[in-house]
Structure formats: C-alpha cells, structure tokens
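The values are calculated or read from the model by the stated rules, or taken from the named source; none is laboratory data. This is a predicted model, so every value here is computed, not measured. Cβ coordinates were reconstructed from backbone atoms using ideal geometry, including for glycine residues, and neighbour counts include every protein chain displayed.
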C-alpha cells in the first residue's frame, strides 16, 4: 500500500515550458487535491476533484489545469510555466469531506523551479 | 484577517519541556479541526483531530474553544523527534481545508 505517490520529485523548467505532474493514490479515495506551498504562505489549494471525471478550482487556480480521468490519478498541468510557479507542489487525497473523513493524506511533493 | 492564524515561532525548548501552540480561526462556521505535523522538506501528516470536548493522544493534547474560535496543542515531555512545524487546519464545510502557516518547534538536548 503505497498511499499517495507523486512524480516527478524534482523538476527544473524554463519560462514558457509546459509539464504535467502526476499524482496517484491506492486508497480508493474519492477526493483528491493539489496544493502549492511557498515560504511564508502556507499550503494553498490549487484545484481539487470530488470524483472521477470532476474538477474544481481552489484558491489559486490561475496558470494550472487538472484532469481526473481515473479515480486513482489526478494530473496537474502547467501550460506555460512562469517563475511565480516555482514552488513545492503537494497532492493529497481523502475519503470524504466531513469530520475525520476529510483527513487528507499527502504525497511526498514535487519541487519545481522555473527559470 | 487571515482565516487561520498561528504564531510562527520558532519555539526553542529543551527536552522534557512542555510547550503549547495556539491557533485562531476567523470563520465561525468552521466544522472540523486538525493538527498536522510537517518535517523539514517533507509532506504534512495528520497528528490529531481536534474534538469539542478536547482530546489526548499520548503526550499530545488538543483543545477547541468554539466561542473564542481558538485551538491549542499541548506537547508534554518534549522529545528531540518532536522538532517539526505544526500546522493548524480548519474545515469550513465542503472539501477545502484551510491551513495555517505553521508553528516551528525545535527541541534541543
């Protein structure tokens, strides 16, 4: 049982390049999330999904797109990377949204640098 | 006002000390509350949920005061391994969790 995994672990991009971050969970969770964490800012929600085939915007969605084609996978795309997107990206998943069901399990993170 | 506010610290304490962290939240409709722990350059992990009546898990005690919109975490008999950043987390209903910026604890021998 791997929990939540993320690939890649590290990536350096040039401004304007695109990339996709992959998140996979093997806990059969319905809900999945993408966060970014910046120094002094805490974790901020980018996009989330409440089930296969659904996505929704979080607090900071601009410049990102997501897809949830399979229940176990949640992809985060950057179409044209900008230096402001340099951050650590965490994926998380949860069984539900109320009380303890909303305990979110996080992946190990992807450290992205945009030059 | 920030939705979830924490004293960033750092809190520097010797082994065996008792240390308390506080957190305030702005949305009175908040429904559930958590403390997460994040080690340096690692992912956040759930430390404990916070219940209205207060709850304890070994050396850790969490308290919730809904009237004052205040959450606390008490760590007794601090260990070196407790050194980490502690995140106060609030759910206001729906899917999103609101994370505080975290309080850094450093326990020294």
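Just a few scattered comments:
- Tally, over segment A:89-115, of residues that are free of Cβ contacts under 8 Å to residues at least 40 places away in the same chain and closer than 19 Å to residue A:7 by Cα: 0
- Number of residues in segment B:1-20 that are away from chain A (no Cβ under 12 Å) and over 13 Å from residue B:87 (Cβ atoms): the value is 12.
- Of the residues in segment A:47-58, none is modelled with pLDDT of 95 or more, closer than 14 Å to residue A:112 by Cβ and surrounded by 12 or more Cβ atoms within 10 Å (Cβ to Cβ).
- Residue match in segment A:66-89 (condition: surrounded by 20 or more Cβ atoms within 10 Å (Cβ to Cβ), modelled with pLDDT of 95 or more and within 12 Å of chain B (Cβ to nearest Cβ)): yes
- Per-region count, segment A:29-63, residues touching a residue at least 60 places away in the same chain (Cβ under 8 Å) and more than 11 Å from chain B (Cβ to nearest Cβ): 1
- Taken over segment A:103-115, residues that are assigned to a loop (DSSP other than H, G, I, E, B) and within 11 Å of chain B (Cβ to nearest Cβ) amount to 5.
- Any strands (runs of 3 or more DSSP E) falling wholly within segment B:21-81 and containing at least 2 residues that are over 22 Å from residue A:93 (Cβ atoms) and within 14 Å of chain A (Cβ to nearest Cβ): B:55-57, B:60-65
- Selection from segment A:90-99 of residues that are touching a strand residue (DSSP E or B) at 6+ places or on another chain (Cβ under 6 Å) and surrounded by fewer than 17 Cβ atoms within 10 Å (Cβ to Cβ): A:99
- Qualifying residue in segment B:43-64 (condition: under 26 Å from residue A:87 (Cβ atoms), in contact (Cβ under 8 Å) with a residue 24 or more places away in the chain and surrounded by fewer than 17 Cβ atoms within 10 Å (Cβ to Cβ)): no
Yes/no per residue for (1) within 16 Å of the chain's Cα centre (by Cα); (2) closer than 23 Å to residue A:101 by Cα; (3) modelled with pLDDT of 95 or more:
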| residue | (1), (2), (3) |
| --- | --- |
| B:7 | yes, no, no |
| B:14 | no, no, yes |
| B:19 | yes, no, yes |
| B:35 | yes, yes, yes |
| B:49 | yes, yes, no |
| B:63 | yes, yes, yes |
| B:75 | yes, no, yes |
| B:79 | no, no, yes |
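- Some residue of segment A:7-16 being surrounded by 19 or more Cβ atoms within 10 Å (Cβ to Cβ) and under 11 Å from the mean Cα position of the chain (by Cα): no
- Within the set A:93, A:49, the sole residue that is out of contact with any helix residue (DSSP H, G or I) (no Cβ under 7 Å at 6 or more places or on another chain) and under 22 Å from residue B:35 (Cβ atoms) turns out to be A:93.
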